[in-house]
Amino acid sequence: IEHATISLSEPRMTTYLSRGTVSVSRADGEVTREDVSRAIEASETALPRLGNREVVHSFPLFFSVDRDTRIREPVGLIGAKLEVETLFVAAFTPHVKNIFKAIDNAGVDMDDLVAAPYATSYHALSKKQKEIGTLLLNIGSQVTTLAVFEEGMLIALEVIPYGSGHITYDIGLGFQIDQISA
């Protein structure tokens, strides 16, 4: 393997919502891709101190031009101010650095780092399911992940540090049976 996209699933992964506002850069007031990028950067700057977490994804949920209606694609619209609400996915920095180091030591070029619940959605959900609204729940051995989609966009993502292994242990403990039977 020379190149890989790495899936990230760790219990300290969390999400943040943030807003960013910028002035439209063109004199004629037309919103450009550069304005969109600057607005997303402004929403990241507005995040609270993340401490030992780092942003691994940013998903613009909606835009508004001059505080008008919520829209998905503002490029080409006319206005003075562009605002965005962005969903950020942040992970525990030491965990991310350890993954980078392991991949580097393996001699693999990392193409991308993707949050596991988001990556799973590409295989488990159709475009239509994401459009009409879906909760994707993945109960693993040690963690449970969920991703919520609405109107084709990821609107929430969570990693819960309990999985089927915990449930099996509790069943064994409650019924006083061995783990294999549980």
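The values are calculated or read from the model by the stated rules, or taken from the named source; none is laboratory data. Keep in mind that this is a model prediction, so the values were computed, not measured. Please note: Cβ atoms are built from the backbone with ideal geometry, for glycine as well, and neighbour counts cover all protein chains shown. Remember, those area values only see protein heavy atoms, side chains included, never the ligands or the DNA or RNA. Shrake-Rupley method; radii C 1.70, N 1.55, O 1.52, S 1.80 Å.
When the residues of the stretch 112-168 are filtered to those that are among the aromatic types (Phe, Trp, Tyr) and closer than 18 Å to Phe88 by Cα, the one that is least open to solvent (accessible area, probe 1.4 Å) is Phe149.
Considering (1) open to solvent by 30 Å² or more (accessible area, probe 1.4 Å); (2) under 30 Å from Ser141 (Cα atoms); (3) free of Cβ contacts under 8 Å to residues at least 60 places away in the same chain; (4) in contact with an Asp or Glu (Cβ under 7 Å, 6 or more places away or on another chain), the lone condition that His95 does not fulfil carries the number (3). Of the helices (runs of 4 or more DSSP H) lying entirely inside the stretch 73-182, those containing at least 2 residues that are among the charged types (D, E, K, R) span 93-105, 127-132. Residues that are in contact with a Lys or Arg (Cβ under 9 Å, 6 or more places away or on another chain), without any contact (Cβ under 8 Å) to a residue 40 or more places away in the chain, small (Gly, Ala, Ser) and crowded, with 17+ Cβ neighbours inside 10 Å are absent from the stretch 85-92. All of Ala102, Ala80, Ala106 fail the test of being within 30 Å of Ser23 (Cα to Cα), surrounded by fewer than 14 Cβ atoms within 10 Å (Cβ to Cβ) and more than 17 Å from the chain's Cα centre (by Cα), apart from Ala80.
Here His95 fulfils each of the conditions (1) within 15 Å of the chain's Cα centre (by Cα); (2) within 22 Å of Leu47 (Cβ to Cβ); (3) of a type outside the set (Gly, Ala, Ser) apart from (1). Scanning the stretch 3-20 for residues that are surrounded by fewer than 15 Cβ atoms within 10 Å (Cβ to Cβ) and either under 21 Å from the mean Cα position of the chain (by Cα) or among the hydroxyl-bearing types (Ser, Thr, Tyr) (or both) yields Ala4, Thr5, Arg12, Leu17, Arg19.
Taken across the stretch 123-130, residues that are closer than 18 Å to Thr14 by Cβ and modelled with pLDDT of 90 or more do not occur at all. Checked against the criterion of being of a type outside the set (A, V, I, L, M) and over 25 Å from Glu73 (Cα atoms), the candidates Gln179, Gln129 yield just one match: Gln179. Determine, yes or no, whether Thr86 is over 28 Å from Ala39 (Cβ atoms) and touching a Ser or Thr at 6+ places or on another chain (Cβ under 9 Å). So Thr86 does not fit the description; no. Is there a residue in the stretch 38-54 that is in contact with a His (Cβ under 8 Å, 6 or more places away or on another chain) and open to solvent by 60 Å² or more (accessible area, probe 1.4 Å)? Checked against the condition, which is being in contact with a His (Cβ under 8 Å, 6 or more places away or on another chain) and open to solvent by 60 Å² or more (accessible area, probe 1.4 Å), the stretch 38-54 yields no hits at all.
Annotation note: Cβ proximity below 9 Å between a residue of the stretch 122-148 that is without any contact (Cβ under 8 Å) to a residue 24 or more places away in the chain and a residue that is assigned to a strand (DSSP E or B) and among the charged types (D, E, K, R) (sequence gap 6+ or interchain) occurs for Lys130/Glu150; Glu131/Glu150; Ile132/Glu150; Gly133/Glu150; Thr134/Glu150; Thr144/Glu158; Val148/Glu158.
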